[in-house]
Amino acid sequence: MEKHNKEGQKKEKQSMRHVIAATLGFMMRTAWKEKPMLFGAYVLSFIAECMQKIQMVVIPKFLLDEIIMIVEGAPVQEHLQKAAFYAALICGVNLLANVMSNVSAQMKSVIGEWFNEFFELQIAEHTMKIDFEHTEDPEALNQLNLGKEGISWYSGGVTGVLNGFYDIILNVTVILGMGTVIVLTCPLLLPIQIAGLLAIAFFNAKNNKCEVKWYGELAKTNREFGYYLFQLADFSYGKDIRLYDSAEMMCKKADKISRKQAEGWRNVARMECRYNWGMDIANALRDGFGYFYIGYLALTKVIGIGDFAMCVASASSLYHGMRGIVVGCQEIVKRCNYAYQYIKFLEYPAAMPKGDKAVTDGKHIIEFSHVSFKYPRSEQFVLEDINLTINQGEHLALVGLNGAGKTTLVKLLCRLYDVTEGQILIDGVDIREYSEEEYRKLFAVVFQDFKLFAYTLRENISFGESAKDEEIQRVLELSGFYEDTRKLPEGLNTIIYKSIDEHGIELSGGQQQKTAISRALYRDAPIVILDEPTAALDPIAEYDIYRHFDCLVGNKTAIYISHRLSSCRFCHRIAVFGDKTIKEYGTHDELVGREDGIYAQMFKAQAKYFTPV
Ligand code: ADP
């Protein structure tokens, strides 16, 4: 058991060393690459601090010695001049050191802020690029939260971590200087200061451990809390929240979590209070013994008054230097632990293997070969043994009841997830072998839960490419939205939503869907996928979409998910999903002709509502 414990502790130490080395290395490299001036700021600060110490500890001794000589009857003229010189030196060095220190603090603060934004951007960019699967993985989401908070206010970012490192270097220099003064004048002061320091380091370590532990526990509740607050503050939830009176429930949930957090903070404060008491007592004892000892040396005339003053000042500097090293080390450990969460997020293992094959131009044949799939962290298969071939230019409709697996099939094809069993092949190559970036270019998709952004209409369609007006106009005409956009105050440059611009507009559900369809058409990818593309459209707009369907997708391959079976007539083939697999497959006429077929029954059931009696 004890052996086991020791091994555990050894591993913990090794991993701690790794965390510190990796984080310090990362911060140094990033600072050097992005803002090397930061190191200049530290050098400036170092020189300023050394000057301050000399000005506070050493020069006053000479000043005091001169004054005492005058008091004791030495020639006033000579010693007064010297005293005035030392006094002026103290003022001059102090002023210069303060100016240098201020300049370096300003530089550090501006660069530190710059890095905060830099990391925010990096984390946002990485979040948008990580495997889609991770966006539903609570562990990955926790890691994202830990990384976000760890790199910013918990660790203090680059300057937060480097400050700790800088403090250690500075304090080592201070200790060497002050230690020499003490050893030469009042040597017993050294063990007194060291004993006091060890006691304080002990209590400080306890404090830090307590904080780091609490920070780990906080990640989950913070994420939950953030979710409720986000929902409460997000306008797009406004209708549901009001109409279903859910505000009270949400506030209660947020309140419950906030109480839980407050209780946690209280516990941490209670623990810290105890340790702070310990530190205060250790401090008082250290001061008491120290003054008693130096006072005794001065009274017995072992040291002079100038030395007495220098000893008091250097004892204090030595203690603060030693404390600075211990606290600096502990601070580095703590800050590196926080910031390391960010590195861990950046290095979060990919959920899917990455290929590097280029996609060939031209015709594409899609094949699902014995594909089965269950979602990550789920035990149940949602698709089983799917076999399906989609030829170039073919328009395929996927139909079936809700939850039958149609959207899942499309997500697998887009490689948002990898199949659990079987293979998806494009042009005879397993899609896992293609380079992700190239592969994604094959598809223009409108998912049911597509999202528009609070940018201009033009940007929502072209995603920042320098798009020609005629090109955007063409796709807007195809989706039937062009006439409406002509009436918009700023035309294509009208901003959608009011989140960023108060003059932004709110589009109706149908208009949003038309924008999403335009976006897909603008992409001009060889495979078009539309998942319930007309759900929010009025019957006329819907009819127009179907009528122009050939025109919309042309001779591209198209996969089309719809509940409206009459719309499937426009497709060459129809696959009917049921019981996690494809139950029927054929043309509209073939499937309608199968008397007991699922499709025929569904079609009849829908037709009932549209056929005049
Ligand atoms: P359809 O498009 O035919 O309505 P889906 O493909 O959306 O059906 O869903 C098929 C099944 O997969 C459903 O049982 C659904 O609950 C489940 N499912 C969908 N998305 C997820 C997910 N992200 N994680 C776990 N299960 C999911």
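Computed packing ranks the peptides 494-504, 139-149, 185-195, 346-356 as 139-149, 185-195, 494-504, 346-356, most packed first, by mean other Cβ atoms within 10 Å. Across the options 208, 520, 571, the greatest Cα extent toward the positive end of the charge dipole of the chain (unit charges at beta carbon of Lys, Arg, Asp, Glu) belongs to 208.
Comparing 492, 480, 38 along the charge dipole axis of the chain, the residue lying farthest to the positive side is 38, per the Cβ-charge model. With the convex hull drawn over the C-alpha atoms of the chain, the volume per residue is 236 Å³.
Using the empirical formula 2.2 N^0.38 Å as the baseline, the Cα radius of gyration of the range 450-524 reaches a ratio of 0.97. Relative contact order for the range 450-524: 43 percent, from Cα pairs under 8 Å spaced at least 6 residues apart, divided by residue count.
With contributions of -39500 (n - 2.57) from each DSSP H run of at least four residues, the per-residue ellipticity at 222 nm computed over the chain stands at -21500 deg cm²/dmol. Note on the chain: dipole from Cβ charges, positive end direction compared against 303, 606, 383; the farthest Cα belongs to 303. Taken along its principal axes, the alpha carbon cloud of the range 142-229 reaches lengths of 63, 25, 17 Å, longest axis first. About its Cα centre, the chain has a charge dipole of approximately 1940 debye under the convention of +1 per Lys or Arg Cβ and -1 per Asp or Glu Cβ, with nothing else charged.
Straight-distance candidates among the aspartates and glutamates for linking to residue 209, with alpha-carbon spacing under 15 Å and chain neighbours fewer than 8 residues away dropped: 12, 217, 272, 331. The range 160-193 and the range 205-224 have Cα centres spaced 32 Å apart. Solvent exposure of the chain, expressed per residue, is 55 Å² of accessible area, with all protein chains present and a 1.4 angstrom probe. Placing +1 on the Cβ of every Lys and Arg and -1 on the Cβ of every Asp and Glu, with no other charges, gives the range 450-524 a dipole of roughly 200 debye about its Cα centre. Of the beta bridges in the chain, as assigned by DSSP with both residues counted there, near 50 percent are antiparallel. With contacts taken as Cα pairs under 8 Å at a separation of at least 6 residues, the chain carries a relative contact order of 14 percent. Only Lys, Arg, Asp and Glu carry charge here, each on its Cβ (+1 for the first two, -1 for the last two); on that basis the range 482-573 has a dipole of about 420 debye about its Cα centre. In sequence order, the range 557-563 has phi-based couplings of 6, 9, 10, 9, 9, 8, 8 Hz under the Karplus curve 6.51 cos²θ - 1.76 cosθ + 1.60, θ = phi - 60°, and Gly or Pro positions carry x. Take the residue pairs 374/441; 344/406; 260/498 and return only those whose Cα atoms are more than 31 Å apart. Flagged as over cut-off: 344/406; 260/498.
Which FRET efficiency, nearest 0.05, do residue 129 and residue 454 yield, Cβ-Cβ r, R0 22 Å? Approximately 0.60, to the nearest 0.05.
Shown for the chain: the carbon plus sulfur share of the solvent-accessible area, taken with all protein chains present and a 1.4 angstrom probe, equals 59%. Between the Cα long axis of helix 157-185 and the first principal axis of the chain there is an angle of about 10°, rounded to the nearest 10. For residue 77 and residue 43, the FRET efficiency from 1/(1 + (r/R0)^6), where r spans their Cβ atoms and R0 equals 41 Å, is about 0.45. With 18 Å as the cut-off, how large is the P(r) tail for the range 395-465, expressed as percent of Cα-Cα pairs? Here the long-distance tail beyond 18 Å is 53 percent of all Cα pairs in the range 395-465. Compute the helix-to-body angle for 469-479: its Cα long axis versus the longest principal axis of the chain, expressed 0 to 90° and rounded to tens. It is inclined by approximately 50 degrees. So what's the angle, to the nearest 10 degrees on a 0 to 90 scale, between helix 37-53 and the longest Cα principal axis of the chain? The angle comes out at about 20 degrees.
Projected onto its three principal axes, the C-alpha set of the range 524-601 covers 37, 28, 22 Å, listed from the longest axis down.
The values are calculated or read from the model by the stated rules, or taken from the named source; none is laboratory data. In this text, all values refer to a predicted model and were calculated from it rather than measured experimentally. Note that we place each Cβ from the backbone using ideal geometry, even for glycine, and neighbour counts take in every protein chain shown. For the accessible areas, the whole protein counts, side chains as well, though only heavy atoms, and no ligand, DNA or RNA atoms are used. Shrake-Rupley method; radii C 1.70, N 1.55, O 1.52, S 1.80 Å.
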